[in-house]
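Shown next, in structure tokens, is the structure this report addresses.
Values in this text are rule-based calculations from the coordinates and carry no lab data. The structure presented is a predicted model; accordingly, all values stated were derived computationally and were not measured. Glycine also receives a Cβ, built like all others from the backbone with ideal geometry; neighbour counts cover every protein chain displayed.
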Amino acid sequence: MAHAPHNTYWTKKELDFVQVALDEDTKLYVARVGTGGGGRGIGVEPEMGAGVGSGGYGGMSGGVGINLGGGGGGKIQRTYYYGANTAEMEQLTPINFKDIMSEVMGDEQEVVDKIQAGQYNLGNMDKLIAYFKQVRATRKN
């Protein structure tokens, strides 16, 4: 659970679910918004996840994905956030994408080079995260 970041709101609630997509020094979080059918609502796709936070909202968490609000047949839209913990997270945007993702994935220069070359953007984050994890796993072996 996390608070919506700085002057933003999530479906008329103060708290909602975010998933830790990458647990680095600067963490990458994802919130999934379901649209269509009966309305809108922030939810989490059916996935298992766990995260560790620090600071005012720190602690261990985990859970099974659920959808809060939003009717069936809708589209899932992801919004990405970054920060040291959920209390400090900021939204990832096309404007700050290269700088922030280069910082988050900075331990893997090969990945950073592709980010800086424009091969990845917010539209293909799943591929970028998978590529980062693949490069990291290869390096650790």
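I'd like to check which helices (runs of 4 or more DSSP H) are fully inside the stretch 79-141 and have at least 1 residues that are loosely packed, with under 13 Cβ neighbours inside 10 Å and of a type in the set (Ser, Thr, Tyr).
Where helices (runs of 4 or more DSSP H) fall fully within the stretch 79-141 and carry at least 1 residues being loosely packed, with under 13 Cβ neighbours inside 10 Å and of a type in the set (Ser, Thr, Tyr), they are 125-140.
Pull up the stretch 87-141, narrow it to residues that are polar (S, T, N, Q) and touching a helix residue (DSSP H, G or I) at 6+ places or on another chain (Cβ under 9 Å), then point me to the one that is nearest to LYS27 (Cα to Cα). Out of the qualifying residues, it is SER102.
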